[in-house]
Amino acid sequence: MSNLLQSNPVYRRAPARSVKLGFVPMTDCAPLVVAKELGYFEEQGVDVELSREPGWATIREKVYHGELDAAQAPGSMVFELSWGYGGMYRQCITAFVTALNGNAITLSNELWELGVRDGYTLRNVIKKNPSRRFTFAGVLKYSSQNYLMRHWLMSHDIDPDHDVDMVIVAPPQVHDCLKHGYLDGYCVAEPWSSIGLLQGIGWCAALTSDFSPMHLEKVFMVTQDFHDEDPERHYALLRALEQASRYCDDPENRVDLCEMLSKDQYVGVLPKVIHNALVGPFVMGNGREVSAGNAIVFHRDEANRPTEKKARWVLDEIGLHQLQPAATEFSIEGISKCFREDIYEDVISKTALTYCN
């Protein structure tokens, strides 16, 4: 199928205006970078400009205001905008999941010295020090990192709303906050986990793939207006991203992928930092290493399909942690307006049909 996507002339179209796609410098922006760098967007007849943004709040606001045509975004952001969480409303959809997994729980060296080795020993240290408030961070209110940090604490009988303090810190700042004692731990996506681990600032208590395997991470988000304006343009972008995701998941391409992502216009960190999660072994800190085989998943096991199950994982986490004061009815119809598996299926089926012909 990938050979078809690369060369089939049926899908070529005259270039229209440039499409501006936003991303944040994280390892899992890889499918967008590969599609641009290896010419997959161009082969599908779409002129794409990648726009490196400082954070997810900027992505959200630029999509809302129409300054970006589309973006890689946290899976929650589709619902955040479509359902008006936080007061910003614009109907958005995703027909493509770009990454699963990709995060880690990192704790301070001080906690290691206090005898913490996992969540249960962390709970014991917290109970033995009632006069101290330990502080843990996610990176955005509606983000998998916030949900997973809270979930990991709860799974070890630590109440994130009462036993500790939970804060929001931007990904590039978490390891410095840990280094200077402002945080005791955090959950963040790559490469920001690996930067702290390789510098010896903290140690990894768990990869999120260990306790929430194949959890939704990032999606390719467009506005409903963008799709309606030219569905074939959207389909062309999806075909390019499908091919790029295949490339990203192939172990033989991972070393080259690290070099590609390390460029200043993309992630802008040393290749060896990106290598930690994409190639491995994954350095956990304090002399421990584990396989990086499931650290980030880009394509295998139907990773790209925007299923109701993946959407409900996001919505269940929002409900579990009471991040929305008003109860929301998560109907199949409501979810399917945002997570467009029908569009994904249409792209895949038409590609397969053309291949057969």
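Each reported figure results from applying straightforward, stated rules to the coordinates on display, with no laboratory input. Predicted model only: the values in this text are computed from it and were never measured. All Cβ positions, even for glycine, are placed from backbone atoms using ideal geometry, and neighbour counts span all protein chains on display.
Quick notes on this structure:
- Around the amide H of Thr98, modelled in the peptide plane, lie the amide H atoms of Lys218, Val219, Phe220, all under 5 Å away and 5 or more residues distant in sequence or on another chain.
- Listed by Cβ neighbour count within 10 Å, with the fewest neighbours leading, Asp159, Asp28 appear as Asp159, Asp28.
- Charge-dipole axis of the chain as Lys and Arg at +1 and Asp and Glu at -1 on Cβ define it, positive-most pick from Gly287, Val139, Ser82: Gly287
- Taking the Kirkwood radius as Rh and the Cα radius of gyration as Rg, the range 103-211 has a ratio of Rg/Rh equal to 0.91.
- The chain: Lys pairs at Cα distance under 20 angstrom, eight or more positions apart or on different chains: 16
- Taking Tyr85, Tyr182, Tyr147 and counting other C-beta atoms within 10 Å, the order from fewest to most: Tyr182, Tyr85, Tyr147
- Only helices enter the 222 nm calculation for the chain: every DSSP H run of n ≥ 4 contributes -39,500 (n - 2.57), and dividing by all residues gives -12000 deg cm²/dmol, rounded to 500.
- Cα-Cα pairs of the chain separated by more than 40 Å (percent): 12 percent
- The ranking of Ser18, Ser108 from fewest to most other beta carbons within 10 Å of each one's beta carbon is Ser18, Ser108.
- Charge dipole of the chain (Cα centre as origin; +1 on each Lys and Arg Cβ, -1 on each Asp and Glu Cβ, all else neutral): 480 debye, rounded to the nearest 20.
- Net charge dipole size for the range 207-337 [Lys, Arg +1 and Asp, Glu -1 on Cβ; Debye, nearest 20]: 380 debye
- For the range 24-34, backbone phi angles converted through the Karplus equation (6.51, -1.76, 1.60; θ = phi - 60°) give residue-by-residue couplings of 10, x, 10, 4, 7, 7, 3, x, 5, 5, 5 Hz, Gly and Pro being listed as x.
- Selected from Leu178, Leu21, Ala303, residue furthest toward positive end of dipole (the chain; charges at beta carbon): Leu178
- The string of couplings for the range 299-307 from the Karplus curve (6.51, -1.76, 1.60, θ = phi - 60°) is 8, 5, 6, 6, 4, 7, 6, x, 7 Hz, one whole number per residue in order, with x for Gly and Pro.
- Charged-residue dipole, Cβ positions (Lys, Arg, Asp, Glu), the range 103-211 about Cα centre, Debye nearest 20: 140 debye
- Using a Förster distance of 35 Å, the FRET efficiency for Lys337-Glu289 (Cβ separation, nearest 0.05): 0.20
- Per-residue ³J(HN,Hα) for the range 254-266, Karplus 6.51 cos²θ - 1.76 cosθ + 1.60, θ = phi - 60°, Hz, x for Gly and Pro: 5, 5, 4, 5, 4, 5, 4, 5, 5, 4, 4, 6, 10
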